[in-house]
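The values are calculated or read from the model by the stated rules, or taken from the named source; none is laboratory data. Please read all numbers here as calculations on a predicted model, not as lab measurements. In this analysis, Cβ positions are derived from the backbone assuming ideal geometry, glycine residues included, and neighbour counts consider all displayed protein chains.
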Amino acid sequence: MKPNTISKLGHSALRFVLALGLACIWLARATAADTEYKLVRIEPASQSIRVRLPLTDVSGKVRPKERTPDGYGEPLAPTKTALGPKHYLEWQIGYDTREADAPNVVKEIQFVRKGETKFGAELSKMLVDALRLGVISTNDLLRERDRLAKLSEATLEEREGITTEKTPLELKSGTLPDGFTRWTQKVPQFLRETEHGWIQIQLKPRQRAVGNQAMVYVCIPMTRVLTADGKPRAPGPARTKETVFYEFTKANAGFLLDIVRAFAIASKQHNEDMGQILGRIVDNGPARKL
């Protein structure tokens, strides 16, 4: 093989490697941007707590839905739906994480659950920021902490359950093949409605264990969400990777405390965790350090 041929092959290989490297960098950046869009972001403003929520992540923690009579809501395609008064965002809110460097973490809030260290996040950060800004007071948190023992006496996860019963077929449903009967599962749901939004507690089967677990969802009407400049979002289909905002202020501080109370009655474990989180905020004052 001639020297100039070898040189050409070397240059071709180098160009291929460079192109491959640039493609990998572009893919990594695109993936990071996509991941960033899906994250819930909680930031303190001058007199409010701003929560950024993804509007088109239909398989994530925040999903757009249409209200239905049964209260569970109907998932929808946000880019193909004129989102308006009959729609809302369902946010599966959390209050802790095992990752110290995860988004919305308050490292000063630490507690141990079943031998594993947990850090306060999401709801915990909202409470810390709200206390620091004066949206809620120390007395508010003390009052919620004092309620925990009483609320733990009848938590929903331990008291309620999914029932199954044999039900007759409706005439319009037709008949089943011989040997088949109809059984229906009844799943209880618990709602707390306010003018600012509503909170759902749903019982769902555990994924890696026997029994049911209580899940807490914060439901925010589309009429209450804002654009990045703080203005109400106009009705209409969502743009690709669009994000919206919701603000907690003194006017709806009670709604924030309702979320705490929902976890307190959802299960004994949530109740115990809330006690540790509120205790860390009130007794050790991480809000004053941040």
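Only one residue in Gly275, Gly230, Gly236 is more than 19 Å from the chain's Cα centre (by Cα), modelled with pLDDT of 95 or more, at positive phi and among the small types (Gly, Ala, Ser). Which one? Unique residue meeting the criteria: Gly236. Residues in segment 129-155 that are among the hydroxyl-bearing types (Ser, Thr, Tyr), surrounded by fewer than 18 Cβ atoms within 10 Å (Cβ to Cβ), touching a residue at least 60 places away in the same chain (Cβ under 8 Å) and not in a helix (DSSP H, G or I): none. Checking the condition surrounded by 15 or more Cβ atoms within 10 Å (Cβ to Cβ), closer than 17 Å to Arg224 by Cα and in contact with a Lys or Arg (Cβ under 7 Å, 6 or more places away or on another chain), which residue from Arg63, Arg67, Arg50 passes? It is Arg67. The criterion of being over 27 Å from Pro44 (Cβ atoms) and crowded, with 16+ Cβ neighbours inside 10 Å does not hold for Gln185.
Within segment 156-182, if we keep just the residues that are exposed (fewer than 11 other Cβ atoms within 10 Å of the Cβ) and either of a type in the set (A, V, I, L, M, F, W, C) or touching a helix residue (DSSP H, G or I) at 6+ places or on another chain (Cβ under 9 Å) (or both), the residue that is modelled with the lowest pLDDT turns out to be Leu171. Would you point out the residue of segment 237-252, among those that are touching a residue at least 60 places away in the same chain (Cβ under 8 Å) and among the aliphatic types (A, V, I, L, M), that is surrounded by the fewest Cβ atoms within 10 Å (Cβ to Cβ)? The selected residue is Ala238. So in segment 81-128, with the set limited to residues that are farther than 20 Å from Glu43 by Cα and part of a loop (DSSP other than H, G, I, E, B), which one is farthest from the chain's Cα centre (by Cα)? For segment 81-128, the residue satisfying everything is Gly115. Selection of segment 253-285 for residues being in contact with a Ser or Thr (Cβ under 8 Å, 6 or more places away or on another chain), part of a helix (DSSP H, G or I) and polar (S, T, N, Q) yields only Asn271. With respect to being touching a residue at least 40 places away in the same chain (Cβ under 8 Å), surrounded by 13 or more Cβ atoms within 10 Å (Cβ to Cβ), on the phi > 0 side of the Ramachandran plot and not hydrophobic (A, V, I, L, M, F, W, C), Gly84 falls outside the description.
Counted as qualifying within segment 164-236 are the strands (runs of 3 or more DSSP E) with 3 or more residues that are touching a residue at least 12 places away in the same chain (Cβ under 8 Å) and within 25 Å of Trp91 (Cβ to Cβ), namely 189-194, 197-205, 212-221. Pairs meeting the criteria (first residue in segment 98-125 and at positive phi, second residue crowded, with 16+ Cβ neighbours inside 10 Å and in a strand (DSSP E or B), beta carbons under 7 Å, at least 6 apart or on different chains) are Asn104/Ile42; Asn104/Ala121; Glu122/Ile42.
For Phe255, the conditions (1) surrounded by 18 or more Cβ atoms within 10 Å (Cβ to Cβ); (2) free of Cβ contacts under 8 Å to residues at least 60 places away in the same chain; (3) farther than 22 Å from Gly60 by Cα all hold with the exception of (2).
Would segment 260-270 turn up any residue that is more than 19 Å from Gln92 (Cα to Cα) and not aliphatic (A, V, I, L, M)? No: zero hits.
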